[in-house]
Amino acid sequence: MEVDLLDFVEQCRRLVKQALGKHAGEPASGGFARWKHVVLHCLRLEDGHSYRETPNRLKYMAEIRDALGLDPDDLPDYSTIYKSFDRLKIWVWRALLRVSAQQHPQSGHAALDSTFFDRRRASSYFRQRAGRTIQTLKVTTLTDVESLTVLDVHITARWKHDTKTGPQVVRRNADDLQSVAADNGFQDWHTEYEIAAHDIDYLVHYRGSSANAAAKNALNRAKGYSQRWMAETSYSTTKRSLGDAVRALG
């Protein structure tokens, strides 16, 4: 779908300022305000251009420069944009994700799932420079089952078990949730107890073929467990559109 870049930038500017609040105007890399850096990265990813190409394109985009408050003679260097992307903390992106998700209708029913992003090729330069061996990132997301909106995300280079990351993601969004569906990787009594304590209906798939497990799984399906596959759809969309943007820094 074709996107009007000026409209996209103006929406990003509004959402970023709302997400960052009093921190939006704080200087980041190169002396430019933090919100300008975040919008530039959103524009770069949406436009599909490299760090080096971004400032060159901005020279010929007068309306977008005006929306960002950038002087044509004082555009950020590509190295400044690159460094700011590395320096921005995860709370910045999580705040932007939360505000963006609020622009879509939320049903209160979510799917909890994990997947892996392969970074062997895209992060090879960083890994060689840093002397690390990060090849795959584990990503846990909470997805609204009706709007397909990603409500929250947890990214780690250390593959913690799903029963460790799942409650953490749910806990941050507990006030807005009525039910959460998850596969058996997220099933243990500690997780069930913690999520139930937030008054959330936890629809988790039980292992085994015992009568007790079969009865609980049948009850979960009646309550909407089958909508858990919506999380897989959001993963597929993200990997196809933004998979190369995932960075391995931690």
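At a 1.4 Å probe, what is the % contribution of carbon and sulfur to the accessible area of region 30-71?
That fraction is 44 percent.
Which of the peptides 228-235, 71-78, 163-170 is most tightly packed, and how do the rest follow, going by the mean number of other Cβ atoms within 10 Å of each residue?
163-170, 228-235, 71-78
Sticking with the crude label model, points 7 Å out along Cα→Cβ, report the distance from residue 74 to residue 86 in nm, one decimal please.
Going from the residue 74 label point to the residue 86 one covers 2.6 nm.
Can you give the local net charge around residue 225? Use residues other than it whose beta-carbon is closer than 13 angstrom to its beta-carbon, Lys and Arg +1, Asp and Glu -1.
Net of charged neighbours comes to +1.
Starting at the first residue of region 162-171, write each ³J(HN,Hα) from the Karplus equation 6.51 cos²θ - 1.76 cosθ + 1.60 with θ = phi - 60°, in whole Hz, x for Gly and Pro.
Per-residue couplings from phi come out as 4, 6, 8, 7, x, x, 5, 5, 5, 4 Hz.
Report, in deg cm²/dmol and to the nearest 500, the calculated mean residue ellipticity at 222 nm for the chain, where each DSSP H run with n ≥ 4 adds -39500 (n - 2.57) and the sum is divided by the residue count.
Theoretical 222 nm ellipticity from helices: -14000 deg cm²/dmol.
Pull up the DSSP beta bridges for the chain and report the antiparallel fraction as a percent, rounded to 5.
Once the DSSP bridges in the chain are tallied, antiparallel ones form about 65 percent.
Subtracting the Cα-Cα distance from 0.36 nm times the residue separation, let me have the gained length for residue 106 to residue 45 in nm, one decimal.
Working: separation 61, 0.36 × 61 = 21.96 nm, distance 2.56 nm.
That pair, residue 106 and residue 45, stretches by 19.4 nm at full extension.
At 1.4 Å probe size, with every protein chain present, just tell me what the per residue accessible area of region 154-217 comes to in Å².
For region 154-217, the per-residue accessible area is 56 Å².
Between residue 192 and residue 212, what is the spin-label point distance in nm, taking each point 7 Å from the Cα along the Cα→C-beta axis?
For the pair residue 192/residue 212, the computed spacing is 0.8 nm.
Taking all protein chains as present, what is the carbon and sulfur share of the accessible area of region 156-198, in % to the nearest whole number, probe 1.4 Å?
For region 156-198, the apolar C and S fraction of the accessible surface comes to 47 percent.
Give the angle, between 0 and 90 degrees and rounded to the nearest 10, that separates the Cα long axis of helix 230-242 from the longest principal axis of the Cα atoms of the chain.
Once rounded, one gets 20 degrees.
Using a 10 Å cut-off on Cβ atoms, rank the peptides 204-212, 35-43, 92-100 from the highest mean neighbour count down. Let's see the in-between values first.
Values: 204-212: 12.7, 35-43: 23.2, 92-100: 17.6.
Result, highest mean first: 35-43, 92-100, 204-212.
Among the lysines in the chain, how many pairs, 8 or more places apart or on different chains, have alpha carbons under 23 Å apart?
Pairs that pass both the separation and distance tests number 19.
The values are calculated or read from the model by the stated rules, or taken from the named source; none is laboratory data. The structure presented is a predicted model; accordingly, all values stated were derived computationally and were not measured. Positions of Cβ are generated from backbone atoms using ideal geometry, with glycine treated the same way; all protein chains shown enter the neighbour counts. The accessibility values were calculated without ligands, DNA or RNA, using every heavy atom of the protein model including side chains. Shrake-Rupley method; radii C 1.70, N 1.55, O 1.52, S 1.80 Å.
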